[in-house]
Amino acid sequence: MEKMDEVYLIRRVKEKQDMKALHELVTRYRPLINGAKLNFYIRHFDEDDWEQEAIIMCYQSCCTYDENRADNFGAYYRTRFYNHLRSLLRYELAKKRTAFSKSISYDNVVQKNLIKEEVEEMHITPRKEMYQKFIKKLSEKELIALKIFLGELTLEEASKQTKYSRYQLLQAKARCKSKLRKELF
């Protein structure tokens, strides 16, 4: 595409959403975009992110640009682009996100051997003897509730097969869970 008048390119973008005209404008303002990269550091922004933000802001600037009110599109685009970057920085540097900016990836820590201690297993793995001891402590009603808890029976089936009501079985199930927690922890 040959060099065209800037106002003509802006009109093409505004009226026809012409991508060639938009890319021509972005190419013309490449020094402005490169200057923004030097002035702003946004964590995790790579070249593609910078390019995307520049194109988006150029398109939005074209759509809102009024040739009768402003003389220079470059100044208008620069102001909008820099204000957008400041908004991104404000979002990133917000107090509630400071923990994220100081965090590092666990994979990187492991890869760089920064963790020197052996990590112990935090969960208790129940053994067969623990289960047998736990089951001996349960009443008949709680054993039926355990079957419900494990999915062997539904609440309705257990209620029909036994003399216990639905409410009694729910209470027994809660007691069963409580006893299991005490046994394991």
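The values are calculated or read from the model by the stated rules, or taken from the named source; none is laboratory data. Quick caveat, the model's predicted, so the values are computed rather than measured. Counting neighbours? That spans all protein chains shown, and the Cβs are built from the backbone with ideal geometry, glycine included.
Name the pairs whose Cβ atoms lie under 9 Å apart, with the first residue in the range 69-95 and within 16 Å of Pro31 (Cβ to Cβ), the second acidic (Asp, Glu) and assigned to a helix (DSSP H, G or I), and 6 or more positions between them or separate chains?
Phe73/Glu6; Gly74/Glu6; Phe81/Glu53; Leu85/Glu53
Can you give me the number of residues within the range 39-73 that are modelled with pLDDT of 90 or more, farther than 15 Å from Leu22 by Cβ and either surrounded by 16 or more Cβ atoms within 10 Å (Cβ to Cβ) or not assigned by TED's automatic domain parsing to the domain that holds Ala21 (or both)?
Here the count works out to 1.
Within the range 25-57, how many residues are outside any helix (DSSP H, G or I) and in contact (Cβ under 8 Å) with a residue 12 or more places away in the chain?
The number of residues fulfilling the criteria is 4.
Which residues, counting only those in the range 145-155, are surrounded by 11 or more Cβ atoms within 10 Å (Cβ to Cβ) and part of a helix (DSSP H, G or I)?
Ala145, Leu146, Lys147, Ile148, Phe149, Leu155
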